1. Tell me, what is the 1.4 Å probe accessible area of Ser46, in Å² to the nearest 10?
2. Beyond a 26 Å Cα-Cα separation, which of these cross-linked pairs lie in this structure: Lys60/Lys173; Lys192/Lys220; Lys70/Lys158?
3. Could you give the nm distance between label points at Asp162 and Lys98, where each point is 7 Å from its Cα heading toward the beta carbon?
4. Quick one: ranking Glu6, Glu218 by accessible area, 1.4 Å probe, largest first, what do you get?
5. Stretched out fully, how many nm does the piece from Ser91 to Ser243 gain, at 0.36 nm a residue minus the Cα gap?
6. Mind giving me the nanometre distance, one decimal, between the label points for Ile56 and Tyr195, set 7 Å out from Cα along Cα→Cβ?
7. Going by a ≥ b ≥ c, the root eigenvalues of the Cα gyration tensor, does the stretch 14-61 fall in the rounded group (a/c under 1.5), the prolate group (a/b larger than b/c) or the oblate group?
8. Report the accessible area of Leu65, computed with a 1.4 Å probe over the heavy atoms of all protein chains in place, in Å² rounded to the nearest 10.
Amino acid sequence: MIIYDENFHMLSMGKHALDLLGYEDINDFLSFNTVFSNSVVGYEKSGDSELLQALIQAGKLGKKLELINKNKEKIQATLIATNLTHESNKSIYGIEIKTSESVDDNDVESLRPKLRLPILMNSDILISQSKLNKTNLTFNFNEEWISQNATILGLDKKEYIDYLIKFTKNVDKYIIPFQNSIITQDVLNVKKMLYRVKEPAQNFRVAPLVNIINTALEAKSINYLELIVNITACLNSLRSSVSKFQDK
């Protein structure tokens, strides 16, 4: 499934969509496309907003369209839009892609364990830059922060940076499960995943991420969209700093 916020900005593209279109991950997809509609025949230049509105109007049966994969081959598919309303009354939309080889969702659910503890986010989530710019959080993962934490942890700077790289890759795995939890409103599973991320974040002294997680855990109800936006913004900032100082 492909997830969008209330303004039709793409938040996430799941593994099924990426595999179907022949891309390794979201970065691979974005190196060839700017939005999903670039890969939909008839909507290549229209934008995702127009595509989503057309699918919403089509209703539960969706629209039969042709997709263009990475190798420029056409794939027959049915695209169905779903409105996923949050507890915060913010609308989130999903596009489901069905082909002749798709497995029925009910069959898939019957094969899944009750607790689906993920394959977490490997940049399988895309947060639009305009959305990231709206976060009120700021992150100061500068060289001084890296040096101070490395000293406190008894590591040299390079070792600490290596640990941070591994940490961000591991945390990335949780985005797909977060996406699933957005759809199912599975608060218990979200909290379990947050606790799993929180422990190594504390160990590596990534305080901004710990604060984001604590805010979600202490809230009466979780704003999933805000949670994903803030976590992604934090990880992107951390990755950028780590990359910048990696070879120094």
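The values are calculated or read from the model by the stated rules, or taken from the named source; none is laboratory data. The model shown is predicted, which means the values in this text are computed figures rather than measured ones. Positions of Cβ are backbone-derived with ideal geometry, glycine not excepted, and every protein chain shown enters the neighbour counts. The area values use the complete protein model at the heavy-atom level, side chains included, leaving out ligands, DNA and RNA. Shrake-Rupley method; radii C 1.70, N 1.55, O 1.52, S 1.80 Å.
1. Answer for Ser46: close to 50 Å² accessible.
2. Lys60/Lys173; Lys70/Lys158
3. Here the modelled spin labels are 5.0 nm apart.
4. Glu218, Glu6
5. Length difference between fully extended and current span is 51.2 nm.
6. So the two model labels end up 3.8 nm from each other.
7. Since a/c reaches 1.5 but b/c is at least a/b, the shape of the stretch 14-61 is classed as oblate.
8. 20
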